[in-house]
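Student: Below is the structure I would like to discuss, written out as structure tokens.
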Amino acid sequence: MSRLDWFVLGGALLFVVLWGLYKGRGATTGEGYIGGGRDHRWWLIGLSIIATQTSAITFLSTPGQAYVDGMRFVQFYFGLPIAAVVLSVTLIPLYHRLKVSTAYELLEARFDLKTRLLAAILFLIQRGLAVGLTIFAPALVLSVLLGWSLHVNILLVGTLVMIYTVTGGTKAVAWAHSSQMVIIAGGMLLAGVMTAHRLPSHVSFSDALHVAGGLGRLNVIDAHFDPNNRYNLWSGLIGGTFLMLSYFGTDQSQVQRYLAGSDLTQSRLGLLLNGMIKVPMQFLILLLGALVFVFYQFHTPPLFFNPGPVKQVMAGPDAAAYRAIETKFARARTDQSLRAEAYVSARHSGDAAEIALTKHQLLQSHAESEAIRREGVALIEKANPGTNPNDTNYIFLAYVLSSLPVGLVGLVIAAVFSGSMSSMSGEISALGATTVVDLWRRLIGGSQGQREVWVGRIATFAWGCFAMAFAEYAARLGSLIEAVNILGSLFYGTILGIFITAFYVKRVRGGTAFYAAIVAEIGVLLCFTFTSISFLWYNLIGCVAVVGLAWAFSLAQSQSPGAGPVSPA
Amino acid sequence: MTVTEPEKEGMPPLLGSWKRVYAVVLGELLLCILLFRLFSWAYS
């Protein structure tokens, strides 16, 4: 990185921390620290919700996903606007009316303490583990591509986040989020414009889209129903809606963002703003990945984008074989570039037969170079047993470092850091709030004054330290990381089921919901262990199982001899 | 407690009613799906 890049990166991160500290000053009560003073406007809530959801890996992985698999990943977000509307009608008014600080307080009012604690503890487990990965995954990519120490990366992100999050609480997090979103949007927008600009001069934007589409990278909608296919229209609309309902309705890292609204209208509009922005935003990030894919149709990409395992092959006995594959790959890619040029020329000529022929040749050439690439990856796997053969997360940043101009590289890396910081701050702030409100305040009976601010700071600090420690440990987890990544879907369905039962199944009482949730969670874990069902469906399965079991248990209870009448809660 | 009591709510600052706001949000999703389908078809 050049000095200008360092200046941009350092300046951006310093600004985020100082802005968060400045705007978050003055919390004197637990409510002010955890609830952010409940004076946030809709746009601040909306930005904060988007920033919490947007992690650094979103920016590293999403363009890479489009490069490798096309744009169908956007379907994952189709449930979000539906969930935003459902929550605006149902849960948000309820949260406001009960003036709760965490989502789980509602469950004690409706059921009992043990159901509230079960949901709070499920949240603390899954979110506590996930926050470690939030900072580990981008730190790993940055450390490999930039040669920075993984430990320094984790320590830097964790320390910067804790400075303003521990000090200022929810208000500091929300205002820091607004500045992070500006950096993220600016970095990604400029990267997209520059990528389109760096295509060969005779390749227009429309030509680029035709090349990407011809090679199957613009396959946005897949309407074919297949429960084992992770990203299609139906998994996005059905499974995605349940996931988003659970995430935005019952995950404290999101609930805390809109509970900071000055009134019901501001909270609703904040969540709906997210519902409107997220799908187009993900589409644009994926389109950026598709443009990077087109860029590499006219420039030779590395055979494998993660340089770490390549270095290990080159240091071992397979170095000569790998070099030979690299040479073959470079030759195939040169041929592919010529085919891409011919396809663009044919499109300019407008000759339909020529277009069809050159497109067929381009597809054939692409398939050949992919086959050679697979040979190289197989050699990498042979030389590094246990290495991850998937280099998707490295594609975008490798492209940025090698092809974008000085200054913009610093801005994109600042956007990656901002993504990492924004999600970590929202998450540790929520973990701290749940620890204080649902455990400390409820079980120990603490006051809401200045003392609670300090308890909140200690809890947030402790979760920040836990996240950094888990991120350090994650380096040794290997393939288990993927299991931890889908952890959310293993628990979200059950938590959502408890909330839906609370809201809609009036006959169910406290103990019944608790035991139904335990049985449903065991069922979801069995599905995960013994079936190949895509993880998005666990949200639906867990949710339906809790509601169904709670209803069945309460029915059985009311029909058993000696049972009294069941009255609606 | 009863958790299903209707909530007194303010009017949204735009469009006059919450139903219209929700229709805009869901309409945008539908429009996105249709445009994405068209986009995939146009550049396939």
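The values are calculated or read from the model by the stated rules, or taken from the named source; none is laboratory data. Every value quoted in this text rests on a predicted model; they were computed, and no experiment measured them. Cβ placement follows ideal geometry from the backbone for every residue including glycine, while neighbour counts extend to all protein chains displayed.
Student: From the list A:Arg509, A:Arg457, which one is basic (Lys, Arg) and at pLDDT 85 or above?
Tutor: Details: A:Arg509 fails: at pLDDT 85 or above.
Result: A:Arg457 is the single residue among A:Arg509, A:Arg457 that is basic (Lys, Arg) and at pLDDT 85 or above.
Student: Further question: Would you mention how many residues in region A:483-539 are of a type in the set (Val, Ile, Thr), surrounded by fewer than 21 Cβ atoms within 10 Å (Cβ to Cβ) and closer than 27 Å to A:Leu113 by Cα? Step through it out loud before you land on a result.
Tutor: From region A:483-539, those of a type in the set (Val, Ile, Thr) are A:484, A:486, A:494-495, A:498, A:500-501, A:505, A:508, A:512, A:518-519, A:522, A:524, A:529, A:531, A:533; that's our starting set.
Checking the rest, the ones that are also surrounded by fewer than 21 Cβ atoms within 10 Å (Cβ to Cβ) come to A:484, A:486, A:505, A:518-519, A:522, A:529, A:531, A:533.
Okay, now just the ones that are also closer than 27 Å to A:Leu113 by Cα, so A:505, A:518-519, A:522.
So the count comes out to 4.
Student: Going through A:Tyr22, A:Tyr77 one at a time, which residue ends up being modelled with pLDDT of 90 or more and closer than 30 Å to A:Gly216 by Cβ?
Tutor: Values: A:Tyr22 fails: closer than 30 Å to A:Gly216 by Cβ.
A:Tyr77 is the lone residue from the list that is modelled with pLDDT of 90 or more and closer than 30 Å to A:Gly216 by Cβ.
Student: Looking only at residues in region A:189-231 that are assigned to a loop (DSSP other than H, G, I, E, B) and aliphatic (A, V, I, L, M), which one is surrounded by the most Cβ atoms within 10 Å (Cβ to Cβ)? Steps first, please.
Tutor: Restricting attention to region A:189-231, the residues satisfying the condition of being assigned to a loop (DSSP other than H, G, I, E, B) are A:198-204, A:215-231.
Pick out the ones that are also aliphatic (A, V, I, L, M) and you get A:199, A:203, A:215, A:218, A:220-221, A:223.
Values: A:Leu199: 20, A:Val203: 21, A:Leu215: 21, A:Leu218: 26, A:Val220: 28, A:Ile221: 23, A:Ala223: 10.
The selected residue is A:Val220.
Student: Another question, if that's okay. Is one or more of the residues making up region A:166-179 farther than 30 Å from A:Ala459 by Cβ, in contact (Cβ under 8 Å) with a residue 60 or more places away in the chain and assigned to a helix (DSSP H, G or I)? If you could, list the steps in order and put the result at the bottom.
Tutor: Taking region A:166-179 first, the residues farther than 30 Å from A:Ala459 by Cβ are none.
Within region A:166-179, none of the residues are farther than 30 Å from A:Ala459 by Cβ, in contact (Cβ under 8 Å) with a residue 60 or more places away in the chain and assigned to a helix (DSSP H, G or I).
Student: Of the residues A:Gly239, A:Gly249, which single one is within 14 Å of chain B (Cβ to nearest Cβ) and assigned to a helix (DSSP H, G or I)? Write out each step before concluding.
Tutor: Working: A:Gly239 fails: within 14 Å of chain B (Cβ to nearest Cβ).
None of the others qualify; the one that does is A:Gly249.
Student: Shifting gears a bit: Return only the number of the condition from (1) in a helix (DSSP H, G or I); (2) within 14 Å of another protein chain (Cβ to nearest Cβ); (3) without any contact (Cβ under 8 Å) to a residue 12 or more places away in the chain that A:Ala185 does not satisfy.
Tutor: Against the list (1) in a helix (DSSP H, G or I); (2) within 14 Å of another protein chain (Cβ to nearest Cβ); (3) without any contact (Cβ under 8 Å) to a residue 12 or more places away in the chain, A:Ala185 comes up short only on (2).
Results for (1) at pLDDT 85 or above; (2) out of contact with any Leu (no Cβ under 9 Å at 6 or more places or on another chain), shown as yes or no for each residue.
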site: A:Ser2; (1), (2): yes, yes
site: A:Trp6; (1), (2): yes, yes
site: A:Val16; (1), (2): yes, no
site: A:Gly35; (1), (2): no, no
site: A:Ile50; (1), (2): yes, no
site: A:Thr58; (1), (2): no, yes
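Student: Related question: Which residue out of A:Ser204, A:Ser179 is within 14 Å of chain B (Cβ to nearest Cβ) and more than 28 Å from A:Gly236 (Cα to Cα)? Even if it seems obvious, please write down each step before you answer.
Tutor: Details: A:Ser179 fails: within 14 Å of chain B (Cβ to nearest Cβ).
Result of the check over A:Ser204, A:Ser179: A:Ser204.
Student: Here is a check on your reading of the model: is A:Tyr515 modelled with pLDDT under 85, among the hydroxyl-bearing types (Ser, Thr, Tyr) and either in contact with a Pro (Cβ under 8 Å, 6 or more places away or on another chain) or not assigned by TED's automatic domain parsing to the domain that holds A:Asp251 (or both)? I'd like the intermediate steps shown before the answer.
Tutor: Working: modelled with pLDDT under 85: no; among the hydroxyl-bearing types (Ser, Thr, Tyr): yes; either in contact with a Pro (Cβ under 8 Å, 6 or more places away or on another chain) or not assigned by TED's automatic domain parsing to the domain that holds A:Asp251 (or both): yes.
In short, no.
Student: Which of the residues that make up region A:143-157 are assigned to a helix (DSSP H, G or I) and surrounded by fewer than 23 Cβ atoms within 10 Å (Cβ to Cβ)?
Tutor: Step one: list which residues in region A:143-157 are assigned to a helix (DSSP H, G or I), which gives A:143-146, A:150-157.
Matches in region A:143-157: A:Ser143, A:Val144, A:Leu145, A:Leu146, A:Leu150, A:His151, A:Val152, A:Asn153, A:Leu155, A:Leu156.
Student: Report, by residue number, each residue of region A:286-317 that is out of contact with any Asp or Glu (no Cβ under 8 Å at 6 or more places or on another chain) and farther than 30 Å from B:Phe39 by Cα. Reasoning before the result, please.
Tutor: The first filter runs over region A:286-317 and keeps only residues out of contact with any Asp or Glu (no Cβ under 8 Å at 6 or more places or on another chain), leaving A:286-297, A:299-302, A:307-317.
A:Pro307, A:Gly308, A:Pro309, A:Val310, A:Lys311, A:Gln312, A:Val313, A:Met314, A:Ala315, A:Gly316, A:Pro317, listed by residue number.
Student: Further, regarding this structure: Right, A:Leu140: aliphatic (A, V, I, L, M) and more than 14 Å from chain B (Cβ to nearest Cβ) or not? Give the derivation first.
Tutor: Values: aliphatic (A, V, I, L, M): yes; more than 14 Å from chain B (Cβ to nearest Cβ): yes.
Considered against the rule, which asks whether it is aliphatic (A, V, I, L, M) and more than 14 Å from chain B (Cβ to nearest Cβ), A:Leu140 comes out as yes.
Student: Show the residue pairs that are 6+ apart or on different chains and have beta-carbon atoms under 9 Å apart, the first residue being within region A:298-321 and surrounded by 19 or more Cβ atoms within 10 Å (Cβ to Cβ), the second being of a type in the set (S, T, N, Q) and in a loop (DSSP other than H, G, I, E, B).
Tutor: Cβ pairs passing all conditions: A:Asn306/A:Thr387; A:Asn306/A:Asn388; A:Asn306/A:Asn390; A:Pro309/A:Asn384; A:Pro309/A:Thr387; A:Pro309/A:Asn388; A:Val313/A:Asn384.
Student: Here is a follow-up. Please state which one of A:Tyr67, A:Tyr104 is crowded, with 24+ Cβ neighbours inside 10 Å, more than 9 Å from chain B (Cβ to nearest Cβ), within 24 Å of A:Thr241 (Cβ to Cβ) and in contact with a Phe, Trp or Tyr (Cβ under 9 Å, 6 or more places away or on another chain).
Tutor: On the way: A:Tyr67 fails: within 24 Å of A:Thr241 (Cβ to Cβ).
Result: A:Tyr104 is the single residue among A:Tyr67, A:Tyr104 that is crowded, with 24+ Cβ neighbours inside 10 Å, more than 9 Å from chain B (Cβ to nearest Cβ), within 24 Å of A:Thr241 (Cβ to Cβ) and in contact with a Phe, Trp or Tyr (Cβ under 9 Å, 6 or more places away or on another chain).
Student: Please return the ranges of helices (runs of 4 or more DSSP H) entirely within region A:23-95 where 1 or more residues are over 20 Å from A:Glu105 (Cβ atoms). Steps first, please.
Tutor: Values: elements: A:30-35, A:42-53, A:56-69, A:79-89.
Those helices (runs of 4 or more DSSP H) span A:42-53, A:56-69, A:79-89.
Student: Looking at region A:252-270 only, could you name the residues that are within 14 Å of chain B (Cβ to nearest Cβ), in contact with a Lys or Arg (Cβ under 7 Å, 6 or more places away or on another chain) and part of a loop (DSSP other than H, G, I, E, B)?
Tutor: The one that is within 14 Å of chain B (Cβ to nearest Cβ), in contact with a Lys or Arg (Cβ under 7 Å, 6 or more places away or on another chain) and part of a loop (DSSP other than H, G, I, E, B): A:Ser262.
Student: Filter region A:286-325 down to the residues that are within 14 Å of chain B (Cβ to nearest Cβ) and either among the acidic types (Asp, Glu) or closer than 30 Å to B:Val25 by Cβ (or both) and list them by number.
Tutor: Selection gives A:Leu286, A:Leu287, A:Ala290, A:Leu291.
Yes/no matrix, rows are residues, columns are (1) surrounded by 22 or more Cβ atoms within 10 Å (Cβ to Cβ); (2) closer than 11 Å to A:Val131 by Cα; (3) among the polar types (S, T, N, Q):
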position	(1), (2), (3)
A:Thr434	yes, no, yes
A:Arg451	no, no, no
A:Trp454	no, no, no
A:Thr460	yes, no, yes
A:Met468	yes, yes, no
A:Tyr473	no, no, no
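Student: Something else now. Checking the conditions here, which among B:Leu35, B:Leu15 is over 16 Å from A:Arg72 (Cβ atoms), modelled with pLDDT of 80 or more and either surrounded by 12 or more Cβ atoms within 10 Å (Cβ to Cβ) or facing another protein chain (nearest Cβ under 7 Å) (or both)?
Tutor: Only one candidate qualifies: B:Leu15.
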